[in-house]
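The values are calculated or read from the model by the stated rules, or taken from the named source; none is laboratory data. For clarity, every value in this text was computed on a predicted model and none was experimentally measured. Cβ atoms come from the backbone with ideal geometry, glycine included; neighbour counts cover every protein chain shown. Remember, those area values only see protein heavy atoms, side chains included, never the ligands or the DNA or RNA. Shrake-Rupley method; radii C 1.70, N 1.55, O 1.52, S 1.80 Å.
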Amino acid sequence: MENRIRDLREDRDLTQTEVAEAIGITQRKYSYLETGQQDWTDELLVRLAAFYGTSVDYLLRQTDDPSPYPQRRKKK
């Protein structure tokens, strides 16, 4: 998983600091997550997927399709 997450960041020419700020954590914590020294929480995976416009399944290597999940209709 970590390689895909790092690849997404590097493919967009982003720094760890830029991604960390976008998902609301410190660069140090992001570095630990990206290198596998800490486990990703569900909440952070959702934030990261939203930031990249992809799905959590793609981040977790459950699929090779980077398409985001379809948006749910909001109930009135």
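Results, tabulated for the structure shown:
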read-out: Matching residues, the stretch 1-16, being more than 15 Å from Ala50 (Cβ to Cβ) and touching a Phe, Trp or Tyr at 6+ places or on another chain (Cβ under 8 Å); value: Met1, Arg4, Gln16
read-out: Tyr30 hydroxyl-bearing (Ser, Thr, Tyr) and assigned to a helix (DSSP H, G or I); value: yes
read-out: Test: Arg73 is in a loop (DSSP other than H, G, I, E, B), open to solvent by 40 Å² or more (accessible area, probe 1.4 Å) and in contact (Cβ under 8 Å) with a residue 60 or more places away in the chain; value: no
read-out: The stretch 35-65 - residue that is open to solvent by 70 Å² or more (accessible area, probe 1.4 Å) and under 8 Å from the mean Cα position of the chain (by Cα) and, of those, farthest from Ala22 (Cα to Cα); value: Val46
